[in-house]
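The values are calculated or read from the model by the stated rules, or taken from the named source; none is laboratory data. Please read all numbers here as calculations on a predicted model, not as lab measurements. Cβ atoms come from the backbone with ideal geometry, glycine included; neighbour counts cover every protein chain shown. Accessible surface is based on the protein model in full, side chains and every heavy atom, while ligands, DNA and RNA are left aside. Shrake-Rupley method; radii C 1.70, N 1.55, O 1.52, S 1.80 Å.
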Amino acid sequence: MLTLQNVEVIYSKVILVIKGLTLEVPEGGIVTLLGANGAGKSTTLKAIAGLLGAERGEITKGGIGFNGHRINDRTPAEIVKLGIALVPEGRQVFEHLTTEENLLAGAHTRRNLAEIRRDIDLVYQYFPPLAARRRIEAGYLSGGEQQMLAIGRALMSRPKLMLLDEPSLGLAPMLVQEIFDIIAQLNQEEKVTVLLVEQNAAMALTIARYGYILENGRIVLDGTAASLRDNEDVKEFYLGLSEVGRRSYRDVKHYRRRKRWLL
Amino acid sequence: MRFLLDELPFFLELLVSGLLIGMMYALVALGFVLIYKASQAINFAQGEFVMFGGFVVAASMRYHGLSLVLSLALGFGAMVVIGLLMERLVLRPLTGRGVIAIIMATIGLASILKGLLLLIWGPLSVNIPLPIREEPVEIFTLLVKLVAVVGAIISLVFLAGFSFLFLRSRLGIALRAVADNQTVAQLMGIDVRHYFALTWVTAGVVATIGGVMWGNMIGADVHTALIGLKVFPVVILGGLTSVPGAVLGGLIVGAVENLAAGYIDPFVGGGTKDFVPYILMILALMVRPYGFFGEQVIERV
């Protein structure tokens, strides 16, 4: 459904952020893109959503394809109309709009008001706390409610593919669990394909079927969620588990060297 | 007591005509507020918009012998074109370069408009004849210029209509979404370029209405652009982002400057109108930096 072929992204004509990234999201799947701060996860999502222009970034090589369309040079609006919705990092709800107005803004590309109303009710079904806050300015919602609103707002464009940028950021573990359950549910019931960017690898690998690990703008590892969960390196550096307890710093250095060499 | 009673009609006349002019300030300020809201850019050319829109109408009638309706259409048309060009030629290439670049561009635009006007039509002041009686009318024993009343009513209709559009319609929601967070608005499929263009076009259109009214009252020429200087105190008083704030700010500035001019000018020989609004503005900044209705930044704690 979504394919990135050897994509290279450069900011301000000099800063190479994504160095030949290839990944694929199959229809109906949940794919996760894991990586540390600054690995290029958000940049990848922005490249797909057509948002690089505003930050003086550009795709200099490779192609992004979505259902047979090449979407490299499309505007964000055109990409939304094709059926891709991005839930941005840090929620970014429209603070001065009410909850309901946020949802209406999410439905900007649609014309049929009756269907929009139906979908607003659907969002309230998935996220009951929002229904009670429909007339409140979104800036005053709690962090969890804002994350729900950001996802609900993205749903309002009836996307075929939803890109989620760290939905767990800054939320309590209980809430993270709840949000992830709902993402899995949306994937099942509303047939929304999901590309999930996360630092919380443990959580992401519970709902994803396939995962990629991004370091320094390159995919260093990919595989099914189960195989990634069992991978020693992933356990050590992304899940924070290891059979021998904490390794010494020397081993870590060794690992880093080895991994660079692999590239 | 007797003195106060004698003074009352004069005071009320100053107050009422000040408030009427204030409505027109508010209308011109509306354009400024919309642009600021949508792109956080300060439009230093708003006064020049008033001047240029007004003068196109004036010149079409006086120099080219066109009818009022046709001249108005030309004036609005010119400002719509300028608004669209502004988006296409200035804002779009400057995307992602920061607000300062856009603000500087508006200063440049102001000079270009002034230069164009002098280049094409010369420096003479031209009056715009409107089919409105020149003699003042009496409203509750007060003498008021009819054109000021008409101008205030048109302003009111426009401001009310716009507030409604802004709050209730889907277009308004999209515009406010753009104002709130441009990048995320794009993610909703909102083409922000259209909305920027819309704000600039609206700013040009409301400025033209102001320009025609002033052109009728005091004649249109390059100095009409000085109206732009009044817009700053108006929007600072009201809070840069608020339409009702612009109305309140406009009324206050209009009334205060007119009263000050009426009472102080005879002693100092004129000029009070030009600085009193700024004294007000500075006071307002000290007491309420966000203005009366300005958006305070929401901080969750």
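Observations, loosely collected:
- Taking the centroid of alpha carbons for each part, the range A:77-114 and the range B:207-282 are 40 Å apart.
- FRET efficiency for B:Leu156 and B:Thr183, using Cβ-Cβ distance with R0 set to 25 Å, rounded to 0.05: 0.10
- Largest accessible area first, the listed residues A:Asp230, A:Asp165 line up as A:Asp230, A:Asp165 when surface is computed with a 1.4 Å probe on the assembled protein chains.
- Between the range A:6-72 and the range A:144-181, the Cα center-to-center distance that results, in Å: 21
- Mean projection area, nm², convex hull over Cα of the protein assembly as shown: 33.0
- Here the protein assembly as shown carries DSSP beta bridges of which approximately 60% are antiparallel, counting only pairs with both residues inside.
- Average accessible surface for chain B: 46 Å² per residue, computed with a 1.4 Å probe over protein heavy atoms with every protein chain in place.
- Local electrostatic count at B:Val144 - Lys and Arg +1, Asp and Glu -1, tallied over other residues with Cβ under 15 Å: -2
- List of the range B:168-206 residues, accessible area with partners at least 50 Å² below that of the chain alone (1.4 Å probe): B:Arg170, B:Ile173, B:Arg176, B:Asp180, B:Val184, B:Gln186, B:Leu187, B:Met188, B:Gly189
- Estimated [θ] at 222 nm from DSSP helical runs (n ≥ 4, -39500 (n - 2.57)) normalised by residues in the protein assembly as shown, nearest 500: -18500 deg cm²/dmol
- Amide H contacts of A:Tyr210: A:Ile30, A:Thr32, A:Ala225, each under 5 Å away and 5 or more positions distant or on a separate chain (H built 1.01 Å from N in the peptide plane; Pro and chain starts excluded).
- Listed pairs A:Lys160/B:Lys37; A:Lys160/A:Lys235; A:Lys41/A:Lys235 exceeding 27 Å between Cα atoms: A:Lys160/B:Lys37; A:Lys160/A:Lys235
- Taking Cβ atoms as reference points and 9 Å as the exclusive limit, the residues near A:Gly90 contribute a net charge of -2, counting Lys and Arg as +1 and Asp and Glu as -1.
- 13 Å beta-carbon shell around B:Ile236, net charge (K/R +1, D/E -1): +2
- Accessible area buried between chains A and B, both sides summed, probe 1.4 Å, in Å² to nearest 100: 2600
- For the range B:40-118 versus the range A:190-233, the gap between their alpha-carbon centres in whole angstrom: 53
- With Cα atoms, 0 to 90° folded angle of helix B:68-85 axis to chain B main axis: 40
- Residue among B:Val268, B:Gly254, B:Tyr195 farthest towards the positive dipole end of the range B:186-298, charges placed on Cβ: B:Tyr195
- A 1.4 Å probe run over the protein chains yields, for the range A:1-126, 41 Å² of accessible area per residue, whole-number rounding.
- Cα long-axis angle, helix B:170-180 against chain B (0 to 90 degrees, to the nearest 10): 80
- Descending semi-axes in Å of chain B, equivalent ellipsoid built from Cα gyration tensor: 32, 25, 17
- For chain A: Kirkwood Rh in Å [reciprocal of mean 1/r, alpha carbons]: 19.2
- Interface residues in the range A:63-83 - accessible area drops by 10 Å² or more relative to the isolated chain, probe 1.4 Å: A:Thr75, A:Pro76, A:Ala77, A:Val80
- Chain B: angle of helix B:272-287 to the longest principal axis, Cα-based, in degrees nearest 10: 50
- 5 angstrom amide H check on A:Ile18, placed H, neighbours 5+ away: A:Val9
- Residues of type aspartates and glutamates that B:Lys145 reaches as a straight line, Cα spacing below 14 Å, ignoring anything fewer than 8 places off in the same chain: B:Glu13, B:Glu134, B:Glu135
- 3J(HN,Hα) couplings calculated from phi for the range A:198-207 with the Karplus curve 6.51 cos²θ - 1.76 cosθ + 1.60 (θ = phi - 60°) are, in sequence order, 8, 9, 7, 5, 4, 5, 4, 6, 6, 9 Hz; Gly and Pro show x.
- Accessible surface of chain B [probe 1.4 Å, protein heavy atoms]: carbon and sulfur percent: 72
- Unit charges on C-beta of K, R, D, E only; dipole of the protein assembly as shown, Debye: 1500
- Label-to-label distance, nm, for residues given as B:His64 and B:Phe140 (7 Å Cα→Cβ offset): 4.3
- When only the Cβ of Lys, Arg, Asp and Glu is charged (+1, +1, -1, -1), the dipole of the range B:16-222 relative to its Cα centre reaches about 500 debye.
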